[in-house]
Amino acid sequence: MNESRYNESRYDEIFKRLVKTAYRGNVSEEIEKIRDGDSITDQYLLYASGGGDPNTVVFKVRDCGGRCAAGKDNCEASCLFDAIVRDMEGNVIIAPNSCTGCGKCVEVCEHYSLVDKKEFVPLVKLLKDRTMPVFAIIAPAFIGQFGPAVTPGKMRAALKRLGFYGMVEVALFADILTLKEALEFDRHVTREEDFMLTSMCCPIWVSMVKRVYQNLVPHISPSVSPMVACGRGVKHLHPGAKVVFIGPCIAKKAEAKEIDIKDAVDAVITFRELEQIFEVVGINPAELEEDESEHSSTAGRIYAGTGGVSRAISDTLNRLRPDRKIKIRAIQADGVQDCRKMLKDVLEGHIGGNFLEGMGCNGGCVGGPKAIIDPADGRKFVEEYGKEAGSLTPVDNKYVMELLKRLGIHDVHDFLDSSKAAMFIRDFGQVEQANRYSSDRL
């Protein structure tokens, strides 16, 4: 086994052992058993058990000494925000004030010198004790990730077996935000030369706009992501509850810690982590009985693929404002390089549309670094799931409308009232001066 595969297997095995012993109640004893006097193992044990700086997502567990082959993509080249530098020996140093936790460096590090923090082990005590309800909220990209036989109902049953009080599909809140984004477009794009950048749902795209292309901040829609909306919605309906987001993205771990939205989600685990957790505790979702499913529309379900957000909002705006003269002319950026190019083009006045959607991963969320299946297969499953929905847009979805009333939104136009729709709004003008970059950095 080569060094890369050995490191990956070693880290995966440590994480699985910690999960197993967390359910048994003897994590501390297991940590002592695993310790082998190697500083790398000790470092990984810390981060695999949820330790380290609570506001940091990406950590270095070993010095690489410049071992990456010349010309290959590496952590330094992959960093969008110049957060990775090297010392005189070629070892990686992560600048904490510059790192956004996007996870791109973790994705490309072939030596597994960089890792993302695991947040599941500390949750196990809450899941076992049931002293408070802990909800799992799962990204729209989940469909098909755990096998074609794993329906939403079977996934809900599997998560309940782990100890979660319930599961909510984030697609349901993507529906809600689709309504909001359609109304934001209607309000802000009133002339042919106007345009809007969507804030949904990629945190890498949003970070690029906030930290590198600040001149475009006035054009970004003031909406939270579906993850944040879902977390806040669950906590509004179940005061005192904890919320855990499950998805294919490392960057969501960082988004959940951002100062203005950190109230929404208490922990993030990835699809690959969940796959390992199911394996350790002996749960096969495909074998479980169906649990009750939700009623998201096509719009919310297709967010997981590049172009899905644009399509959802365009269909919804056409439903809300069929006679509107200025229609959505959407353009999408697929992957980091496309995002960079599109934002540069916009700054230079070369705008090919009036609704701009950016996805940091090729293919969208289905191409996330912690997705389990091939992005093309993931996209196919998402599209099929979208077609199965009972309604095309949230406007026609009675379940969405009922949920909105429970959340204090009695009319869709309330989304434009900042006091009534506060849980769905961000202020993108609040960017820390220390983390700002000039617009020509990328």
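The values are calculated or read from the model by the stated rules, or taken from the named source; none is laboratory data. Keep in mind that what you see is a predicted model, and the values were worked out from it rather than measured. Positions of Cβ are generated from backbone atoms using ideal geometry, with glycine treated the same way; all protein chains shown enter the neighbour counts.
Inspect the stretch 18-34 for any residue being modelled with pLDDT under 90 and out of contact with any strand residue (DSSP E or B) (no Cβ under 7 Å at 6 or more places or on another chain) and give the result as yes or no. Spell out the reasoning first.
Here is the first cut: in the stretch 18-34, the residues modelled with pLDDT under 90 are none.
No, the conditions are met nowhere in the stretch 18-34.
Need the failing condition index for GLY66 against (1) touching an Asp or Glu at 6+ places or on another chain (Cβ under 8 Å); (2) at pLDDT 80 or above, just the number.
Result: GLY66 fails condition (2) only.
Those residues that are outside any helix (DSSP H, G or I) and either out of contact with any Pro (no Cβ under 7 Å at 6 or more places or on another chain) or without any contact (Cβ under 8 Å) to a residue 60 or more places away in the chain (or both), I need them from the stretch 370-406; list them, please. Write out each step before concluding.
Kept after step one, since they are outside any helix (DSSP H, G or I), are these residues of the stretch 370-406: 370-374, 388-393, 397.
Of everything in the stretch 370-406, those that are outside any helix (DSSP H, G or I) and either out of contact with any Pro (no Cβ under 7 Å at 6 or more places or on another chain) or without any contact (Cβ under 8 Å) to a residue 60 or more places away in the chain (or both) turn out to be ILE372, ILE373, ASP374, GLU388, ALA389, GLY390, SER391, LEU392, THR393, ASN397.
Tell me which of these CYS339 doesn't satisfy, since it passes every other one: (1) buried (at least 17 other Cβ atoms within 10 Å of the Cβ); (2) modelled with pLDDT of 95 or more.
Just one mismatch for CYS339, condition (2).
Suppose we keep only residues that are in a loop (DSSP other than H, G, I, E, B) and among the basic types (Lys, Arg) within the stretch 244-302. Which one would you say is nearest to LEU114 (Cα to Cα)? First the steps, then the outcome.
Going residue by residue through the stretch 244-302, those that are in a loop (DSSP other than H, G, I, E, B) are 248-250, 256-266, 282-284, 288-297.
Then keep just the ones that are among the basic types (Lys, Arg); that gives 257, 262.
Details: LYS257: 19, LYS262: 24 Å.
Checking each candidate, the answer is LYS257.
When you look at GLU383, is it within 30 Å of LYS104 (Cα to Cα) and in contact with a strand residue (DSSP E or B) (Cβ under 6 Å, 6 or more places away or on another chain), yes or no?
Values: within 30 Å of LYS104 (Cα to Cα): yes; in contact with a strand residue (DSSP E or B) (Cβ under 6 Å, 6 or more places away or on another chain): no.
It is false that GLU383 is within 30 Å of LYS104 (Cα to Cα) and in contact with a strand residue (DSSP E or B) (Cβ under 6 Å, 6 or more places away or on another chain).
All but one of (1) within 17 Å of the chain's Cα centre (by Cα); (2) within 18 Å of GLY353 (Cα to Cα); (3) surrounded by fewer than 24 Cβ atoms within 10 Å (Cβ to Cβ) hold for PRO218; state the number of the condition that does not hold.
The one condition PRO218 does not meet is (1).
Which residue pairs have Cβ atoms closer than 8 Å, lie 6 or more positions apart in sequence or on different chains, and pair a first residue in the stretch 271-298 that is closer than 21 Å to ARG24 by Cα and touching a residue at least 12 places away in the same chain (Cβ under 8 Å) with a second residue that is assigned to a helix (DSSP H, G or I) and of a type in the set (Asp, Glu)?
As it stands, the answer is GLN276/ASP12, since those pairs meet every condition given.
Note down all Cβ pairs under 6 Å where the first residue falls in the stretch 150-161 and is touching a residue at least 24 places away in the same chain (Cβ under 8 Å), the second is in a helix (DSSP H, G or I), and they're at least six residues apart or on different chains.
VAL150/PRO285; VAL150/ALA286; LYS154/PRO285; MET155/PRO285; ALA158/PRO285
Working only within the stretch 342-358, note down all residues that are in a loop (DSSP other than H, G, I, E, B) and surrounded by 15 or more Cβ atoms within 10 Å (Cβ to Cβ). Let's see the steps before the verdict.
Initial filter on the stretch 342-358 (in a loop (DSSP other than H, G, I, E, B)): 348-354.
If the condition is that a residue be in a loop (DSSP other than H, G, I, E, B) and surrounded by 15 or more Cβ atoms within 10 Å (Cβ to Cβ), then ILE351, GLY353, ASN354 are the ones that fit.
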